[in-house]
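No lab work stands behind these numbers, since they all come straight from the coordinates. All of these numbers come straight from a predicted model, not from anything done at the bench. Heads up, the Cβs are rebuilt from the backbone with ideal geometry, glycines too, and the neighbour counts pull from every protein chain shown.
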Amino acid sequence: MLNIDCPWCGKRHETEFRYGGEAHIARPEDPAALDDTEWAEFLFMRKNTKGYFAERWLHNNGCRRWFNVIRNTVTHEIVGSYKMGETPPKLPKSAGGAK
Amino acid sequence: MADNASWITPAAAIAESFPDGFSELRPCAQVNLRGDIADLAFTDAVKSVTGLTLPDMPNKVATGKDFKALWLSPDEWLLVGEGDAEALVQSLEDALAGQHVAVNDVSANRTIFELSGPHSHHALMKSSEYDFHPRVFAPGDCVQTLIAKSQAIVEQVGENMFHIYVRSSFSRYVGGWLAEALAEYNEAP
């Protein structure tokens, strides 16, 4: 089980949170200008990172805020969490167990 | 004033079986308030109506004369008190007119259980993954978490006394769970 550090409420148990997938996917500036392939790319295509991954979480049973977490998808190590719009924390040098 | 004296929740059906130190409180006024705490016009208006300085620290409670304010999120508070919810909403709306805020009477949303006694935090600790140990959770703190897998707000109102806010429709389940959680500590050793 994960202990996730909500930027407002502090460390809480994973059951209080909801997962929101990959972080930092910008909505296209002009959606109408995209063709179907580009739109599908934005909507559906996600990285399948092995190692450190920036992802969104929602503290839905707490303060109901969205925030970002850097988590290692192999070891479940959580490097840090940060509010929307903040700069991500520095990633550790090693790939962190992704061998 | 809304006539809430006759309100009952599903938990009322099992209230007779509640052990010592556990009860459902009678309905009170609860108002959800949203706004920007960095905006002095907002905080000043709230203070002029309620006398409260809204807590900007997460999971803290500010207590005023008639109402207290529970921190719910960075821009959201729950005002709780014995006063008149409709009157409070009206005076807040008047004072906050033109501002980007939300004021809602949510008195019927949640019912409040009172849990007290030397083992009250033990009953909470076995019902939740949040740490209710006195070294972490103290009077004046509140927390939104899961109690028996149900969303709840837990507020420590005093030494060995907690108020647990749960959705009215979940009250029979959570009330029954907490009553059972506390019962073992009331048995003779």
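The figures follow:
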| item | result |
| --- | --- |
| Of B:VAL136, B:VAL106, B:VAL80, the one that fluctuates the most in a GNM where chain B has Cα springs shorter than 10 Å | B:VAL136 |
| Theoretical FRET efficiency, 1/(1+(r/R0)^6), r = Cβ-Cβ of B:ASP66 and A:ARG64, R0 30 Å, to 0.05 | 0.65 |
| All lysines inside 21 Å of A:LYS90 as judged from Cα atoms, apart from same-chain residues fewer than 8 positions distant | A:LYS11, A:LYS47, A:LYS50, A:LYS99 |
| Chain B: angle of helix B:171-186 to the longest principal axis, Cα-based, in degrees nearest 10 | 50 degrees |
| Peptides ranked, highest mean first, by Cβ atoms within 10 Å: ranges B:30-37, A:42-49, A:6-13 | B:30-37, A:6-13, A:42-49 |
| Approximate spin-label separation B:GLN90-A:ILE25, in nm, with each point projected 7 Å along Cα-to-Cβ | 4.9 nm |
| FRET efficiency estimate (nearest 0.05) - Cβ-Cβ, A:ASP5 to A:GLU41, R0 41 angstrom | 0.80 |
| Segment B:MET125-B:ALA5, length gained on full extension (0.36 nm per residue, minus Cα span) | 40.0 nm |
| FRET efficiency estimate (nearest 0.05) - Cβ-Cβ, A:LYS50 to B:ASP36, R0 41 angstrom | 0.50 |
| Sites excluded, GluC sites (Glu not before Pro) in DSSP loops with at most 12 other C-beta within 10 Å, longest stretch of chain B | B:1-81 |
| Acute angle (nearest 10 degrees) that the helix B:40-50 long axis makes with the longest principal axis of chain B, alpha-carbon atoms | 60 degrees |
| Charged-residue dipole, Cβ positions (Lys, Arg, Asp, Glu), chain B about Cα centre, Debye nearest 20 | 300 debye |
| Extreme residue, positive dipole direction of chain B, given options B:ASN104, B:ALA38, B:LEU178 (C-beta unit charges) | B:LEU178 |
| Amide proton proximity set for B:GLN30, modelled H, under 5 Å, gap of 5+ | B:VAL106, B:SER107 |
| Dipole in debye (nearest 20) - the protein assembly as shown, about Cα centre, beta carbon charges: Lys, Arg +1; Asp, Glu -1 | 1160 debye |
